[in-house]
1. All but one of (1) within 23 Å of residue 2 (Cβ to Cβ); (2) free of Cβ contacts under 8 Å to residues at least 12 places away in the same chain hold for residue 66; which doesn't?
2. Within the stretch 21-130, considering only strands (runs of 3 or more DSSP E) that don't extend past its boundaries, which have at least 3 residues that are assigned by TED's automatic domain parsing to the domain that holds residue 221 and in contact with a helix residue (DSSP H, G or I) (Cβ under 6 Å, 6 or more places away or on another chain)?
3. Any chance the stretch 162-175 includes a residue that's modelled with pLDDT of 95 or more and in contact with a His (Cβ under 9 Å, 6 or more places away or on another chain)?
4. Can you find even one residue in the stretch 34-46 that is surrounded by 24 or more Cβ atoms within 10 Å (Cβ to Cβ), among the β-branched types (Val, Ile, Thr) and under 20 Å from residue 274 (Cβ atoms)?
5. Contact list please: Cβ distance under 7 Å, first residue in the stretch 212-230 and on the phi < 0 side of the Ramachandran plot and in contact (Cβ under 8 Å) with a residue 24 or more places away in the chain, second residue hydroxyl-bearing (Ser, Thr, Tyr) and surrounded by 17 or more Cβ atoms within 10 Å (Cβ to Cβ), pairs at least six apart or on different chains.
6. Which residue out of 164, 147 is surrounded by 18 or more Cβ atoms within 10 Å (Cβ to Cβ), small (Gly, Ala, Ser) and touching a Phe, Trp or Tyr at 6+ places or on another chain (Cβ under 6 Å)?
7. Can you tell me how many residues within the stretch 131-158 are of a type in the set (Gly, Ala, Ser), part of a helix (DSSP H, G or I) and in contact (Cβ under 8 Å) with a residue 24 or more places away in the chain?
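The values are calculated or read from the model by the stated rules, or taken from the named source; none is laboratory data. Just so it is clear, the model here is predicted, and its values are computed rather than measured. Here the Cβ is made from the backbone with ideal geometry for all residues, glycine too, and neighbour counts use every protein chain on show.
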Amino acid sequence: MDKLHHVIIGASAAGLAAVEAIRRVDQGCLITVVSKEPMPLYSRVGLTHFISREVGYDGMRMRDDGYFDRMGVRGVMGVAAISVDPTARRVALSNGENLTYDNLLVASGSHAVMPPIPGTNLQGIYPCITNNDAKQINAAIPSAKEAVVIGAGLIGIQVVDAFARRGLHTTVIEQMPHVMPAMADPVSAAMAEEALREAGVTVRCGVRATELLGKDGYVTGVKVEGGEVFPCQLLVMAAGVAPNIDFLDGTGVTIHRGLLVDAHQQTSLDGIYAAGDVAETVDMFSGERVVNAIWPEALNQGRIAGLNMAGVATPYEGSMAMNVTSVLQTPVVSLGAWNSQPGDRYQIREVRDDRSRIYRKLVFDGDQLVGAMLVGRFEDAGILHNMIRTRTTFTLKPDHLAPSTIRWGTVLRAIHKAGRV
């Protein structure tokens, strides 16, 4: 009997999580990982830490160079997937090779979206998605005095933080009313903006960039609505991402905002799975279809996809928002249904100290904790995440959880008490 051949497109969080899940179940199958990026295997989470000089180049690594050999994996690196024939179960690669597969995992990640404004062809403009982007940005910093970041989502705000640490006079432009609109409410965003302004960062929210200005082919500034111009010699575009799925054109796979997957991470095509930034899953609280392009969910989805590819039927419990960042030493954490509005279903408990930049908002559905927003103090973020994800209530009611940080000892005592009842 021939060995099963699993082909994985993408060598980041989702792809490698799938490799490890498959190998836990089946040590004898064939696994091929295809990545358009060359070695090393690195973490996107580390890109801005490299730019800020918190880590060196090797600090971005997720696995060492011997990883594929140890895992019994064939790595085809620096090669892109060109097309997929789902009937023949074959993937055509940019090096001319054709790979036949029993199961295919699309874990190809996403790319930065360039907004349709004049000037995007100028030199000195970078996305911040790959380690090559990070290297280019790092190399450009010494010759720049001023920088602009367009987009204040998670990636954008981390780039702003890195630039401020490197001493660049930085402007961040966000078309939404406040920074980090997908992971922070107005209160927490205001605290983050205050931290940025204290560090000398210019924050402009609620406006759009209308033109990128240049001289001799290099970017010199950004014009926004109303005519204001922000000078820069370095511009990072962080205005959003889109999934890398062009190679699936013509396959007939169902695509909405991403590749539509079922509870086992399988797409509408038999034997083709998806995980990470490319996958459209279900939010575990609202039941709505979402593309939750965050690192923890990429790991989780990759693991689930790998197990199912290996024949171990494992359902995905649903996507859960989880974002953690630090804005110039002000931690900001959002978990679960953090942005739910108070009403018949949801109750909100808040503790707020603007002066100390401390904010704690917990969202409850009855006695069940379903969301949290933390600024400043986040020591119990892991506990709260666990309670939200596992939907555990124990005997801990909103009055126990809301006022201040809780400890594992409190949780364990609650478990013990619940066990005695």
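1. That leaves (1) as the condition not met.
2. Filter on the stretch 21-130 gives an empty set.
3. yes
4. Yes, the conditions are met somewhere in the stretch 34-46.
5. 213/220; 214/220; 230/171
6. Working: 164 fails: touching a Phe, Trp or Tyr at 6+ places or on another chain (Cβ under 6 Å).
Of the residues listed, the single one that is surrounded by 18 or more Cβ atoms within 10 Å (Cβ to Cβ), small (Gly, Ala, Ser) and touching a Phe, Trp or Tyr at 6+ places or on another chain (Cβ under 6 Å) is 147.
7. At the first step, the residues of the stretch 131-158 found to be of a type in the set (Gly, Ala, Ser) are 134, 139-140, 143-144, 147, 151-153, 156.
If we keep only those that are part of a helix (DSSP H, G or I) too, we end up with 134, 139-140, 143, 156.
Next, from what is left, pick out any that are in contact (Cβ under 8 Å) with a residue 24 or more places away in the chain: 134, 140, 143, 156.
Residues in the stretch 131-158 being of a type in the set (Gly, Ala, Ser), part of a helix (DSSP H, G or I) and in contact (Cβ under 8 Å) with a residue 24 or more places away in the chain: 4 in total.
A quick yes/no check of all residues on (1) at negative phi; (2) surrounded by fewer than 20 Cβ atoms within 10 Å (Cβ to Cβ); (3) free of Cβ contacts under 8 Å to residues at least 60 places away in the same chain:
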residue	(1), (2), (3)
243	yes, no, no
247	yes, no, no
254	yes, yes, yes
259	yes, no, no
276	no, no, no
287	no, yes, yes
319	yes, no, yes
322	yes, no, no
327	yes, no, no
